[in-house]
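Worksheet for the structure shown next.
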Amino acid sequence: MWIAGGWSDYELLECSGGERLERWGGYTLVRPDPQVIWDTPRRHGGWRKPDARYERSASGGGRWLPNSLPDRWTVGHGDLRFHVGLTGFKHTGLFPEQSPNWRFIRDAIKDSARAVNVLNLFAYTGAASIAAAASGNAKVTHVDAAKGMVRWARDNAALTRGNAALFADDAIRWIVDDCEGFVARERRRGKRYDALILDPPSFGRGPDGKTWRLEDGLYRLLTLCACVLSEKPLFVLLNTYTTGLSAGVMAHMLECVFGPAFANKAEARELGIPITAGGVLSGGASARIYN
Ligand SMILES: C[S@@+](CC[C@H](N)C(=O)[O-])C[C@H]1O[C@@H](n2cnc3c(N)ncnc32)[C@H](O)[C@@H]1O
């Protein structure tokens, strides 16, 4: 398992009865997590009066109660900075278990000691794009279908640059587009990338409303991505939270599609977050293939 580390602004305090108790900066949140299928005693006092709790509604969805927190606040991971907030869904705009991927991305690019073109697909609020840019030698293309997410990612990049001059303002190119359509156009334009990052959701929609389902679309998308890989590729990193898609299957897919371009075998593991009360909470998995 790749286990999240380097956090002082985030802490998974305890998990029980389908929920997590977390500290995000100065605020404690309680929110659902379907992985938490145990019902151990809730010892931490924070359960009784969290700053916000996400309550599921019987009709699907849910809401944060009470919602008197600021619209957004800041958390740091090393020299990176992110805005977090309570989203309409149960998320906060950041996935702390991704920190080992940020480390891998940043180190791999920095250690290559060359200019690296990075394509980040389904790029969400930009943590992976910012980690890549923070290497100091990357040109990053950040693609997401949601305008609001791209705005949030740009704000995160500006926040990080305000904290440390790790990369230039133009180190990240911001694209609002459907990932598959964008990659197909980049292929026609002859654009090539040395590093690919993909975090496809189980289900999503492009700007034109076209649906994306991981089981139907992932192999086709990876095959398309292989057409935009440069002649000297550095890595491909695939992450998913799709239940039922094992780390082994992800590694095999990377090898099927990208194997000939890489000297190393693909490596894949679950991701985990240490729980302060003891143990590790797993959720999501990543696969990497690199030279
Ligand atoms: C990073 S993924 C998954 C996030 C998180 N790992 C999860 O499971 O909830 C979510 C992102 O993909 C984007 N997205 C979904 N479908 C897309 C598509 N067809 N093209 C581009 N971006 C898409 C969404 O806007 C969102 O920012």
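How many residues does the range 209-229 hold that are touching a strand residue (DSSP E or B) at 6+ places or on another chain (Cβ under 6 Å) and not charged (D, E, K, R)?
The qualifying residues number 4.
Please find, within the range 193-207, the residue that is farthest from the ligand (Cβ to nearest atom) out of those that are surrounded by 14 or more Cβ atoms within 10 Å (Cβ to Cβ), over 16 Å from the mean Cα position of the chain (by Cα) and not hydroxyl-bearing (Ser, Thr, Tyr). Explain how you work it out, then say what you get.
Taking the range 193-207 as the starting set, the residues that turn out to be surrounded by 14 or more Cβ atoms within 10 Å (Cβ to Cβ) are 193-202, 204, 206.
Next cut, over 16 Å from the mean Cα position of the chain (by Cα) only: 193-194, 206.
Add one more test, that the residue is not hydroxyl-bearing (Ser, Thr, Tyr), and what stays is 194, 206.
Details: Asp194: 21, Gly206: 4 Å.
For the range 193-207, the residue satisfying everything is Asp194.
Residues to consider are Ala108, Ala123, Ala128; find the one that is part of a helix (DSSP H, G or I), within 13 Å of the ligand (Cβ to nearest atom) and modelled with pLDDT of 95 or more.
After applying the criteria, what remains is Ala128.
Are any residues in the range 59-105 assigned to a loop (DSSP other than H, G, I, E, B) and hydrophobic (A, V, I, L, M, F, W, C), and if so, which ones?
Taking the range 59-105 as the starting set, the residues that turn out to be assigned to a loop (DSSP other than H, G, I, E, B) are 59-61, 66-72, 78-79, 85-95.
The answer is Leu69, Leu86, Phe89, Leu94, Phe95.
Can you name the strands (runs of 3 or more DSSP E) wholly within the range 208-291 that have at least 2 residues being under 19 Å from the mean Cα position of the chain (by Cα) and surrounded by 17 or more Cβ atoms within 10 Å (Cβ to Cβ)? Give the derivation first.
Working: elements: 211-213, 235-240, 267-274, 280-290.
In the range 208-291, 235-240, 267-274, 280-290 are the strands (runs of 3 or more DSSP E) which contain 2 or more residues that are under 19 Å from the mean Cα position of the chain (by Cα) and surrounded by 17 or more Cβ atoms within 10 Å (Cβ to Cβ).
Surrounded by fewer than 18 Cβ atoms within 10 Å (Cβ to Cβ) and within 15 Å of the ligand (Cβ to nearest atom), is that true of Phe182? Step through it out loud before you land on a result.
Working: surrounded by fewer than 18 Cβ atoms within 10 Å (Cβ to Cβ): no; within 15 Å of the ligand (Cβ to nearest atom): yes.
So Phe182 fails the test.
The values are calculated or read from the model by the stated rules, or taken from the named source; none is laboratory data. Predicted, not measured: the structure shown is a model, and the values here were computed from it. As a convention, Cβ positions derive from the backbone with ideal geometry for all residues, glycine included, and neighbour counts pool all protein chains shown.
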